[in-house]
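I have placed the structure first, in the form of structure tokens, so that the comments after it can refer back to it.
The values are calculated or read from the model by the stated rules, or taken from the named source; none is laboratory data. For clarity, every value in this text was computed on a predicted model and none was experimentally measured. Here the Cβ is made from the backbone with ideal geometry for all residues, glycine too, and neighbour counts use every protein chain on show.
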Ligand SMILES: Cc1cc2nc3c(=O)[nH]c(=O)nc-3n(C[C@H](O)[C@H](O)[C@H](O)COP(=O)(O)OP(=O)(O)OC[C@H]3O[C@@H](n4cnc5c(N)ncnc54)[C@H](O)[C@@H]3O)c2cc1C
Ligand code: SF4
């Protein structure tokens with residue numbers, strides 16, 4: 001049952017972080033599509049909800065270097081269908097449109113999508129132990145229902161995955177995260193934002209309690225000429241990824257140049273493996289080379305029983321995405 005909370009609207013990012021710092025259970029709200037579910041399930045205590053949607057962070061601005069700054073409150077729909085984003089970062093548009101449903105994307109914000117919690121069934125079931133929800137209580141998923149769980153980077157404490165599609169594209173694109181803290185602003189690489197579970201699975205990312213995301217910066221190169229997002233899931237809509245791949249590359253005289261490969265649905269964070277990207281650089285875009293790159297990425301993969309199939313599935317998703325990127329094919 002949802003417990004009582006108060007509500008405030010912040011006018012600026014600085015005001016939002018001051019309000020957050022006033023109580024350990026104060027929380028900001030974006031579209032509310034994840035936070036409100038968790039509050040209704042009694043999974044999280046909220047003392048005060050701080051609305052940050054009227055602080056002017058709903059804009060997409062072109063930077064001088066040719067990149068873009070996406071405000072934290074830009075909705076998934078507005079981002080995916082923004083003309084310049086569709087043109088320069090079609091990988092990002094396609095990844096977003098593979099997620100959730102139109103109604104949810106209309107509400108979901110850029111920052112909220114990054115901070116959505118895992119979809120591990122035990123995490124949402126307050127009758128079961130879960131190290132992420134209740135540190136030290138245990139991880140029933142390791143020996144339980146785990147067909148959706150991690151095959152890379154998991155720990156003894158937690159084998160959950162990060163569920164976002166958008167974040168997989170942002171990891172491949174080498175985006176940066178803009179953060180407002182109590183004392184200062186900072187910018188960090190997107191790939192350093194989310195954490196692996198280790199011994200602290202309750203921490204999904206590096207954001208402190210009194211910090212908020214203000215935006216996401218895209219570098220100028222959006223790999224518009226050769227990119228693909230492939231998502232394998234249990235239903236063809238309204239389902240989270242069992243494994244997904246966001247890829248982009250340059251192709252000069254039929255040789256691969258700069259290559260980006262990020263995986264979703266396989267780890268506690270969007271998974272980048274630069275070793276595989278370096279392996280492909282300078283090579284021909286053949287199925288054989290793509291398969292070798294996929295083998296490199298999944299080298300240390302481990303299943304937990306029900307999710308063993310994801311190791312081969314992830315390899316095939318990577319190969320398929322790399323093949324589709326040659327002609328920018330779109331997964332239906
Ligand atoms: C049925 C269903 C299916 C879905 N399917 C998919 C899918 O296939 N793929 C996919 O990627 N997603 C999927 N989603 C998840 C959906 O994309 C997320 O719920 C949504 O992106 C969260 O965004 P929000 O703005 O609503 O976040 P909120 O619920 O408002 O917030 C989420 C968290 O982020 C925090 N927060 C929000 N903004 C900030 C900020 N600026 N700074 C700091 N903290 C902040 C909140 O305090 C909260 O902890 C699905 C959701 C549902 C309900
Ligand atoms: S996998 Fe993580 S989220 Fe799921 S039960 Fe284990 S500790 Fe909890």
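Worth pointing out:
- Across the range 116-134, the qualifying residues are those that are more than 6 Å from ligand 2 (Cβ to nearest atom) and not in a loop (DSSP other than H, G, I, E, B), and the one among them that is nearest to residue 207 (Cα to Cα) is 124.
- Summed over the range 149-181, the residues that are more than 13 Å from ligand 1 (Cβ to nearest atom) and assigned to a loop (DSSP other than H, G, I, E, B) give a count of 15.
- Residue that is farthest from residue 232 (Cα to Cα), among those in the range 145-166 that are more than 8 Å from ligand 2 (Cβ to nearest atom), more than 10 Å from the chain's Cα centre (by Cα) and surrounded by fewer than 22 Cβ atoms within 10 Å (Cβ to Cβ): 156
- Of all the numbered requirements in (1) in contact with a strand residue (DSSP E or B) (Cβ under 9 Å, 6 or more places away or on another chain); (2) over 23 Å from residue 89 (Cβ atoms); (3) not in a loop (DSSP other than H, G, I, E, B), residue 284 misses one, and that requirement is (3).
- Here 34, 58 are screened, and the one residue that is closer than 23 Å to residue 188 by Cβ, in contact with a helix residue (DSSP H, G or I) (Cβ under 8 Å, 6 or more places away or on another chain) and free of Cβ contacts under 8 Å to residues at least 24 places away in the same chain is 58.
- Number of residues in the range 236-272 that are touching a strand residue (DSSP E or B) at 6+ places or on another chain (Cβ under 9 Å) and at positive phi: the value is 1.
- Residue 137 vs. criteria within 16 Å of ligand 2 (Cβ to nearest atom) and surrounded by 16 or more Cβ atoms within 10 Å (Cβ to Cβ): no
- For the range 7-25, a residue qualifies if it is within 25 Å of residue 121 (Cα to Cα) and crowded, with 16+ Cβ neighbours inside 10 Å, but none of them does.
- Any hit, the range 24-33, residues being closer than 21 Å to residue 95 by Cβ and touching a strand residue (DSSP E or B) at 6+ places or on another chain (Cβ under 7 Å): yes
- Meets criteria (surrounded by fewer than 17 Cβ atoms within 10 Å (Cβ to Cβ) and modelled with pLDDT under 95) for residue 225: no
- In the range 240-263, the residues that are touching a residue at least 60 places away in the same chain (Cβ under 8 Å) and outside any loop (DSSP other than H, G, I, E, B): 243, 244, 245, 246, 247, 248, 249, 251, 260, 261, 262, 263
- Against the test of being more than 24 Å from residue 231 (Cα to Cα) and within 10 Å of ligand 1 (Cβ to nearest atom), the options 207, 203 yield a single qualifying residue, 207.
- Count of residues meeting criterion [touching a strand residue (DSSP E or B) at 6+ places or on another chain (Cβ under 7 Å), farther than 28 Å from residue 124 by Cα and surrounded by fewer than 21 Cβ atoms within 10 Å (Cβ to Cβ)] in the range 177-213: 5
- Tally of residues being assigned to a loop (DSSP other than H, G, I, E, B) and either surrounded by fewer than 23 Cβ atoms within 10 Å (Cβ to Cβ) or more than 6 Å from ligand 1 (Cβ to nearest atom) (or both) across the range 95-115: 2
- Cβ separations smaller than 6 Å between residues 6+ apart or across chains give the following pairs from the range 121-142 residues that are under 16 Å from residue 42 (Cα atoms) and touching a residue at least 40 places away in the same chain (Cβ under 8 Å) to residues that are within 6 Å of ligand 2 (Cβ to nearest atom) and not in a loop (DSSP other than H, G, I, E, B): 132/123; 133/123.
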